[in-house]
Structures are given as structure tokens and as C-alpha cells.
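What follows is one structure encoded as C-alpha cells, with my remarks underneath.
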Amino acid sequence: MHLHQIEYFLAVVDNNGINAAATALGLAQPTVSQAIRGLERELGVELFHRIGRGMVLTSAGHSLVGPARRVLRGVVAAEGSVLDVAGRPRGRLDIVAMAALSVDPVARLVGAFRQEFPAVSIRIADLRDEWAGTALIRDGHCEILVCHLPRPDSEDLAVCELGVQDWWLVFPPGADVPPDDPLPLSALPDDPHVVVPRGGSQAGEIEQAVATAGRVIRPSVVVEHREARLPLVLAGVGATFLERTMAEASVARGAVARATEPRISRAYGLIYDPSVLSPAGQAFVELARSSAPHG
């Protein structure tokens, strides 16, 4: 088994197919396909079911994903354990973050980190399944997870709280919205809303807060693509709840934004395993701690 075979295998898994994996790797499709076939021959098992043009993991393929990620994480950690001539971290740092938190604080922290440690390249992946986050650390997919807190499945990991994220109401341009700011949820206009499915996001807590205030959210669109919420609002489809940084930015695009009373918020921060942090990971955590409001 060769390291590039493991890398190509995980690229196929993460990109849901050989063609997309080849594009992500900057390689020709036959190169990736031959490497996967060679890996299967060496292991004596099929790792994927070939269904049309799609690739679906077999049970053997599923069992290889975790060990394969740990192997690549070990290689990245080995590269990052070597400091440059000035004693500063180098190599690569892998972070997985919720989309809204990638805007803030991740972008701000990465900017400050890169100024101080330019020899470290950073990969930021999207956390689409909030409840699968800690498994990504344990499987070696990333060093640091940026997500909402608390997380009941993080007992064996370190947690660094960084702040609190608010959700604001955002209405289409020209909407007839009460002037109150913050807007009492009890005075929530009876407008249709753009919502995301209930699940690991804040959707359930927002719905409960509105119900407690004696109001009901009437969905006009239920959209799984969270990044589509604001474009739908700007198109006049309905109002929505957005993270504060996104809500504030939406005003420049013509939307009407209001904070809420009571406040809808949730803490956020970093989760990591201190026993396997690379020097780059340790430096990032220290930078994040020093920039937190509580120091």
C-alpha cells in the first residue's frame, strides 16, 4: 500500500466519485481509477460498488476510511512537527468549521495566524453535519473543530469557548417591519419564512423561542442549502433568521435586519485533542484563546 493510494481513496470518498476526486487532486481520471483498482487488488477486497458513474463505499471501504484518515493525519502531523529555522511552526493545519463561523471568527483568526506563521498552509472544510464533528477529530480528518457549544460528545476532548453567536431576523427589502430594535418575538409579523430543516442546526431552538412568544413560523420555503437563505430573502420569498454577522451584512444589500427580544444565541468555540495537536495546531489554539473576549 502506497501513501498516494490512501490519498486518492479518501479523495474519492470526500468528492463522491472518481471524476470529482481527479479534479480536486489535479490529476487525470484514469490515474485515480488505476490507483483505486491497485489498492483493491492489494487488499483483496472491493472498496466501492460501481453504480453507473457513481461510487458507493462497500462495508470494507467504510472500515478503511477511519484508519486511512489517521494515516494521512499522521503524515501531516509529522510534516508540521518540524519547525522552521526561526523555531516557528510549518506544514499544514486542517480545520473543520460551521459555515457561519467560517465568516467569523475563523476568517479573523486565520488572518492573524497567517501573518504570524506564513509557513503554515491552512485547509478549512465545511461542517455540514454538526453532530458528526467530533468524529472528524477522532478519525484524524482535522485537528480543530469550530462549532456551537456545548457538545455532549466531547468529554474526552478539549474545549475552548470563544464567544456567543446571535441570530437576528432578516426581512426582504421594503418589508413593513415594526420599528422596534430589538424586535420582540411577540410582535413578529405574520410573514412567511425561509427555513432550514430541523436537526443539528439552531432551527429547533429558534422555533421553540418563537412558539414561547406566542407566534408561529409559517414556512414559504424549506431549504437544505443554508447559504441560499439570504438570496431567497432578497428575492422577496420571505423572512428568515440569520447569524448576526450575515444579518448585518445583508443590510447593505437592501434587507431589513432586527435583533430579537428575547435574544436567541448560542456559545461557540474550538474542540480539539491536545494529545495529537501539531505545533501549528497548538499555536492556533493559543492565538484563539488570547483573542477571546474573556482572554
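Counting the residues of region 127-152 that are modelled with pLDDT under 85, surrounded by 13 or more Cβ atoms within 10 Å (Cβ to Cβ) and more than 14 Å from the chain's Cα centre (by Cα) gives 3. On the basis of being at negative phi, touching a residue at least 40 places away in the same chain (Cβ under 8 Å) and not charged (D, E, K, R), does residue 146 make the cut? For residue 146, the condition - at negative phi, touching a residue at least 40 places away in the same chain (Cβ under 8 Å) and not charged (D, E, K, R) - is met.
Inside region 190-207, can you point out the residues that are assigned to a strand (DSSP E or B) and either touching an Asp or Glu at 6+ places or on another chain (Cβ under 6 Å) or open to solvent by less than 40 Å² (accessible area, probe 1.4 Å) (or both)? Outline the logic, then answer.
So in region 190-207, the residues assigned to a strand (DSSP E or B) come out as 192-195.
If the condition is that a residue be assigned to a strand (DSSP E or B) and either touching an Asp or Glu at 6+ places or on another chain (Cβ under 6 Å) or open to solvent by less than 40 Å² (accessible area, probe 1.4 Å) (or both), then 193, 194, 195 are the ones that fit.
For residue 210, the criteria (1) touching a Ser or Thr at 6+ places or on another chain (Cβ under 8 Å); (2) in a helix (DSSP H, G or I) hold in every case but one, which is (1). Scanning region 149-163 for residues that are touching a Leu at 6+ places or on another chain (Cβ under 8 Å) and of a type in the set (Ser, Thr, Tyr) returns no hits.
Residues in region 177-214 that are of a type in the set (D, E, K, R) and in contact with a helix residue (DSSP H, G or I) (Cβ under 6 Å, 6 or more places away or on another chain): 198 only.
All conditions but one from (1) without any contact (Cβ under 8 Å) to a residue 12 or more places away in the chain; (2) among the small types (Gly, Ala, Ser); (3) open to solvent by 30 Å² or more (accessible area, probe 1.4 Å) apply to residue 214; the one that does not is (1).
For residue 281, are the conditions met, namely being more than 30 Å from residue 198 (Cβ to Cβ), touching a residue at least 12 places away in the same chain (Cβ under 8 Å) and in contact with an Asp or Glu (Cβ under 7 Å, 6 or more places away or on another chain)? Step through it out loud before you land on a result.
Details: more than 30 Å from residue 198 (Cβ to Cβ): yes; touching a residue at least 12 places away in the same chain (Cβ under 8 Å): yes; in contact with an Asp or Glu (Cβ under 7 Å, 6 or more places away or on another chain): yes.
Yes; evaluated as a whole, the condition is true for this residue.
Do the conditions hold for residue 103, that is, is it open to solvent by 30 Å² or more (accessible area, probe 1.4 Å), over 19 Å from residue 72 (Cα atoms), among the β-branched types (Val, Ile, Thr) and touching a strand residue (DSSP E or B) at 6+ places or on another chain (Cβ under 8 Å)? It is true that residue 103 is open to solvent by 30 Å² or more (accessible area, probe 1.4 Å), over 19 Å from residue 72 (Cα atoms), among the β-branched types (Val, Ile, Thr) and touching a strand residue (DSSP E or B) at 6+ places or on another chain (Cβ under 8 Å). Condition (residue is closer than 25 Å to residue 276 by Cβ, at pLDDT below 95, surrounded by 17 or more Cβ atoms within 10 Å (Cβ to Cβ) and not charged (D, E, K, R)) applied to region 109-117: is it met by at least one residue? Taking every residue of region 109-117 in turn, at least one turns out to be closer than 25 Å to residue 276 by Cβ, at pLDDT below 95, surrounded by 17 or more Cβ atoms within 10 Å (Cβ to Cβ) and not charged (D, E, K, R). Residues of region 167-184 that are surrounded by 17 or more Cβ atoms within 10 Å (Cβ to Cβ) and either under 30 Å from residue 123 (Cα atoms) or free of Cβ contacts under 8 Å to residues at least 40 places away in the same chain (or both): 167, 168.
The values are calculated or read from the model by the stated rules, or taken from the named source; none is laboratory data. Not measured: the values here are computed from a predicted model. When we count neighbours, we look across all protein chains shown, and the Cβ atoms used for this are built from the backbone with ideal geometry, even at glycine. Accessible surface areas use protein heavy atoms only, side chains included; no ligands, DNA or RNA. Shrake-Rupley method; radii C 1.70, N 1.55, O 1.52, S 1.80 Å.
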